[in-house]
């Protein structure tokens with residue numbers, strides 16, 4: 001039964017009301033991870049009155065976790081995170097059913113863990129596991145909410161919602177594991193997982209209550225240093241149905257540069273590593289003379305070994321859309337967004353500004 005006093009502020013919202021709060025109280029959500037992202041997800045879903053939370057984490061609380069994993073306490077150091085998270089939820093609202101499972105999700109247990117839940121929330125910050133989540137959710141017909149943080153930048157999206165795009169549609173290929181930096185290696189601003197995890201919890205609530213527009217087919221990118229965000233849109237195939245971001249959205253996470261400014265910077269000595277992420281056929285038909293590399297955007301991670309990390313990288317496609325997806329994959333693989341430049345307008349814009357710089361055939 002819904003605790004009317006506890007959830008009165010939700011019930012007062014006409015978009016939620018008693019009916020929406022009742023939906024929350026009957027929902028079952030699985031949170032993979034009780035760390036930086038999982039902490040705010042668990043905190044706000046518990047406060048929202050989710051009926052059942054399954055918390056899966058095989059790690060224990062360490063003192064370095066407390067900078068960002070806010071549901072754990074100093075006295076919890078050494079305690080399994082799943083148990084500490086369960087303690088937090090039970091203290092906040094004893095009416096919520098909680099299963100604390102101290103395992104690592106893998107191919108052998110994913111299906112069994114996921115079954116019986118309405119939503120899965122990714123709090124793993126682990127790319128190989130995300131492909132497993134994606135595959136399992138697609139097979140079971142369960143939507144999942146993605147979140148990722150890296151230093152000062154974060155991402156949120158919803159996958160497999162009502163047959164919508166999947167994680168693999170956005171990131172077709174996983175990068176090699178040995179090239180992926182962890183928070184321990186790269187660092188992370190303590191409040192960033194709180195911001196991204198809260199956005200993930202927001203998506204869960206929207207989906208369960210059936211309000212608003214979930215981030216299905218949309219990747220929200222947040223820059224904590226600039227306090228700005230951008231949304232990239234994508235479809236069921238990363239090759240198709242890609243739409244321009246709204247002109248009112250801030251450009252973050254990586255740089256946008258048009259052909260005129262890129263050429264001017266190059267004339268002043270700028271020498272970025274210049275990649276064409278179109279197909280081989282497109283490149284053979286026409287190409288920018290200054291581009292030094294060709295790698296179709298769906299295969300961009302195969303080029304990691306040759307794309308330098310210590311210089312600016314300029315990426316182009318036909319009009320500037322596929323190149324954005326390629327850049328996002330590189331950032332996901334640990335490249336610094338501050339060194340990434342997307343050529344707005346792609347080769348089309350370059351040809352308009354500098355037609356002599358195009359090699360035909």
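The values are calculated or read from the model by the stated rules, or taken from the named source; none is laboratory data. Quick caveat, the model's predicted, so the values are computed rather than measured. Here the Cβ is made from the backbone with ideal geometry for all residues, glycine too, and neighbour counts use every protein chain on show.
Brief remarks follow.
- Given (1) assigned to a helix (DSSP H, G or I); (2) over 27 Å from residue 219 (Cα atoms), number of the condition residue 290 does not satisfy: (1)
- Near pairs, Cβ below 9 angstrom, 6+ apart or cross-chain, from the stretch 2-24 (over 17 Å from residue 208 (Cα atoms)) to any residue that is outside any helix (DSSP H, G or I): 3/49; 3/93; 3/95; 6/49; 6/93; 6/95
- Filtering the stretch 37-63 to residues that are touching a helix residue (DSSP H, G or I) at 6+ places or on another chain (Cβ under 7 Å) and not in a helix (DSSP H, G or I) leaves 37, 49, 50, 51, 53, 55, 56, 57, 59, 60, 61.
- Residues of the stretch 238-272 that turn out to be assigned to a loop (DSSP other than H, G, I, E, B), modelled with pLDDT of 50 or more and in contact with a helix residue (DSSP H, G or I) (Cβ under 6 Å, 6 or more places away or on another chain), as a count: 2
- Breaking point among (1) in contact with a helix residue (DSSP H, G or I) (Cβ under 6 Å, 6 or more places away or on another chain); (2) more than 21 Å from residue 167 (Cβ to Cβ), for residue 66: (1)
- Matching residues, the stretch 6-36, being part of a loop (DSSP other than H, G, I, E, B) and under 24 Å from residue 86 (Cβ atoms): 6, 7, 26, 27, 33, 34, 35, 36
- The set of residues from the stretch 311-329 being out of contact with any helix residue (DSSP H, G or I) (no Cβ under 6 Å at 6 or more places or on another chain), assigned to a helix (DSSP H, G or I) and more than 19 Å from residue 225 (Cβ to Cβ) comprises 323, 324.
- In the stretch 298-328, the qualifying residues are those that are surrounded by fewer than 16 Cβ atoms within 10 Å (Cβ to Cβ) and touching a strand residue (DSSP E or B) at 6+ places or on another chain (Cβ under 6 Å), and the one that is nearest to residue 166 (Cα to Cα) is 308.
- Residue check for residue 227: free of Cβ contacts under 8 Å to residues at least 12 places away in the same chain and over 17 Å from residue 24 (Cα atoms): yes
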